[in-house]
Amino acid sequence: MTLKTWLAASAPLAEDPAIRYLRVGAEEWRRLAEDVAASGGRLLALWGQDATAGHPAVFAAYHTAAGLWVGELRRDGPESADDPYPGVQDLYPFAGRMQRAIRDLQGLRSTDPDLRPWLRHPPGEAYEFVRVEGDGVHEIPVGPVHAGIIEPGHFRFSVVGEKVLRLEERLGYVHKGIEQRFVEFDALDGCRLAARVSGDSAVAFSWAYCIALESQWRARIPRRALWLRALALELERVANHLGDLGALGNDAGFAFGLAQFSRLKELVLRATETAFGQRYPMDWVVPGGVARDLPAAAAAALDRCLADVVAESAVLRGIYDEHAGVRDRFTGTGTIAPELAARLGLAGLAGRASGQAHDLRADLRYAPYEELRPAVCGAVAGDVAARVAVRFDELLESCRLARRILAGLPAGDSRVAIVPPASDEFGIGAVEGWRGPVLVALATAAGGRIRRCHPHDPSWQNWPAIEHAVIDNIVPDFPLINKSFNLSYSGHDS
Amino acid sequence: MLKTLRQIRRTGIVTEPMPAPDDALRIRAALERRILGILGRALAVRMVDAGSCNGCELEVHALTNPIYNIEGLGVHFVASPRHADLLLVSGPVTVAMREPLLRVYEATPDPKLVVAIGDCGCDGGIFGCRGPSLGAVANVIPVDVAVPGCPPSPNRLLAGILAALDASAALDVGQEGRGRAE
């Protein structure tokens, strides 16, 4: 079957023709996954819900050439609670961990074989790492507390000498129960929690949350507000890319890069604070628009700042490119070839550096990107150097977009009041954050209470890829490889 | 190489000037005095993320950029709690991070200072204190100073470190017998 045959069985979600929703049975759940994979589509997120949200079910969100698809498999039928639903790990390798997370959080089990807990860490229970046997193989356990200023997670290396034979990740240390926490929030207030799923992607998450809410409440958002949201999203990308470019230089032994780029990042953060009132705009994207309009003086300062960033980063890129030591550390390190990237479902920035030319801003053209027309940056080498190159390209492109927004900001309101309808609703929002596709699935009750909210960070897709990227590399290159992906622990563990 | 040197020269020293009666700056001048006066050497700080959204870590990172230049003040981030005088801890503490945090605290030599950072480190913040979130850092280890903010700005973080030093001076740094607060 092709994807087209599913069209008749589906309905637009929240009246959006670009998002198809369909309820499926167990067998169709599996067939839909197969058809999406066969058509070149990709899994964006997989999540569950239990009876507290109405009825137990698992959901899958797919991104295809025809837009977004949301499949729901209800688990309140005659099957027993222990009856597993069909796993899709063979089609989408990273789905395995999401299925384990669903078992941890909702108790729903898939047919896939790995039944180890993932997000929950049962006290006193040792986690069973896969052992590598052989002459001279030894294990290096790292974390959860790491040596730098970074988030906690555990890495188990199996090595011979310096060479990594295998890496196994153990995450879940920063699982704070965000999904359970959401249901204690009013839907109009939930964007604050969404922004804090992963602090470095606050704009992406709060915007995705607002799209999910506004679409299901049939709210129309003023054009000016959408442009301002895009401005904040591009500034978030600029700030994070600047930080990463500096940290990557530093991890390659070039402290000059860290000093230069961290200075530029600070200038962007200060300009962001002048524009939005916060260095990291955690509470700025709100249902109905943005929390406050852009002060005219801030717009001019922001534009000057971005012009400086463009000029300075051009000089710095030349220095990185010509530095033999930096090139040596970046090139051929931590490679994910395009074929493997496609099989793993590598997403976002890291995916684009491995030939996976997906970018929701260009693919879905959600407003205002249908007007702004962002260029999709990419590379095919799939190594640290490629992820650095894509960051440089996207940095420039985001500066261009941000300056274009500042120059052509539409007049009008920056916020409208929105009200909950008198019925239960469901919607999703997807935004291309700086790291990759961020998705929020939200179900609200009449009156505006949250029934269920699932925030999905692209780190879910990409964490398993790091286990592949480090194979045959040396242990001292791990920090560099890890930084070149710069995945979120908090976004993943939520 | 020439390009690199030229860029360094062109950038110059961007660290913001020390004294002058400006609030933010006074914090930093005073901080250096306290470090010299109390510790007589650099203050070694170990950062522990016990469950944050990573926003606090971004601002701790900013402290090390050339504009705040915290290392220029003698404050140094170290890789092991065994080398640390002060623990900077972000929250909320998760169930899974409770034991690692206790171990970090135990591994830090006395006398030690603990600064909890962010709204979540202070009281659980937006994540509260329920289910997998144990809330405030003080629910797990003794805390000398709590710096609110979401995330706290680099200058607020500096102010918090200073406050911890002041508190330890008042209590006499050599104090013993602060057990685990569980």
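Taking only the C-alpha atoms of chain A, the Rg (one decimal) and the largest Cα-Cα distance, Dmax (whole number), read 22.1, 70 Å. Just which residues of region A:258-293 lose 30 Å² or more accessible area with every protein chain there, against their chain alone, with the probe set to 1.4 Å? For region A:258-293, once contacts with the other chains are taken into account, A:260, A:262, A:263, A:266, A:270, A:279, A:280, A:282 lose 30 Å² or more.
Interface residues of region B:125-155, defined as a loss of at least 40 Å² in heavy-atom accessible area between the chain alone and the complex of all protein chains with a 1.4 Å probe, are B:126, B:127, B:130, B:132, B:150.
When all alpha carbon pairs of region A:3-106 are counted in 10 Å bins from zero, the resulting P(r) reads 15, 51, 31, 4 %. Other protein chain C-beta atoms within 10 Å of residue C-beta, averaged over A:195-202: 5.
The alpha-carbon atoms of region A:252-354 define a convex hull whose volume equals 141 cubic angstrom per residue. Given in Å, the Rg to one decimal and the Dmax to the nearest whole number for the Cα atoms of region A:140-236 are 19.2, 60. Surface composition of chain A: carbon plus sulfur atoms contribute 53% of the solvent-accessible area (1.4 Å probe, protein chains only, all chains present). Within region A:178-458, the percentage of alpha carbon pairs spaced more than 30 angstrom apart rounds to 31%.
Chain B contacts chain A over a buried accessible area of about 3800 Å², both sides summed; the probe is 1.4 Å and only protein chains count. When both region A:219-288 and region A:105-156 are represented by their alpha-carbon centers, they are found 33 Å apart. If I compute solvent accessible area with a 1.4 Å probe over the protein chains, what percent of it on region B:42-171 is carbon and sulfur? Heavy-atom surface of region B:42-171 belonging to carbon and sulfur, 1.4 Å probe: 54 percent. Per-residue ellipticity at 222 nm, computed for chain A from helices alone with -39500 (n - 2.57) per DSSP H run of at least four residues, works out to -13000 deg cm²/dmol. Membrane-span-like helices in chain A, defined here as complete DSSP H runs extending at least 20 Å along the helix axis by their C-alpha atoms with mean Kyte-Doolittle hydropathy no lower than -0.5, are A:202-216, A:223-251, A:255-276, A:296-322, A:384-408; this is a sequence and geometry rule, not a statement about a membrane.
With Cα atoms as the point set, region B:42-171 shows a radius of gyration and Dmax of 13.4, 42 Å. With protein chains left intact and a 1.4 Å probe, residues in region A:1-134 average 47 Å² of accessible area per residue. Distance from the Cα centroid of region A:363-390 to that of region A:419-494 is 18 Å (rounded to whole angstrom).
Taking 21 Å as the straight-line reach from the Cα of residue A:163, the lysines in range (excluding those fewer than 8 positions away in the same chain) are A:483. Backbone geometry of region A:420-426 corresponds, through the Karplus equation with coefficients 6.51, -1.76 and 1.60 at θ = phi - 60°, to 3J(HN,Hα) couplings of x, x, 8, 8, 6, 9, 8 Hz, x marking Gly and Pro. Of all lysines in the structure, those lying under 22 Å Cα to Cα from residue B:3, and not within fewer than 8 positions of it along the same chain, are A:265.
What region A:199-268 shows is 20 Å² of accessible area per residue, with the surface traced by a 1.4 Å probe over protein heavy atoms. What FRET efficiency comes out for the pair residue A:370/residue A:472, r = Cβ-Cβ distance, R0 = 60 Å, nearest 0.05? According to the calculation, E is roughly 0.90.
Magnitude of the charge dipole for the protein assembly as shown, about its Cα centre and with charges confined to Cβ atoms of Lys, Arg (+1) and Asp, Glu (-1), is about 1240 debye. A Förster radius of 30 Å, combined with the Cβ-Cβ distance separating residue A:419 from residue A:23, puts the computed FRET efficiency at roughly 0.60.
The values are calculated or read from the model by the stated rules, or taken from the named source; none is laboratory data. Here the structure is a predicted model, which is why all the values come from computation and not from measurement. Note that each Cβ is placed from the backbone with ideal geometry, even for glycine, and that neighbours are counted across all protein chains shown. Heads up: the accessible areas ignore ligands, DNA and RNA and are worked out on the full protein's heavy atoms, side chains in. Shrake-Rupley method; radii C 1.70, N 1.55, O 1.52, S 1.80 Å.
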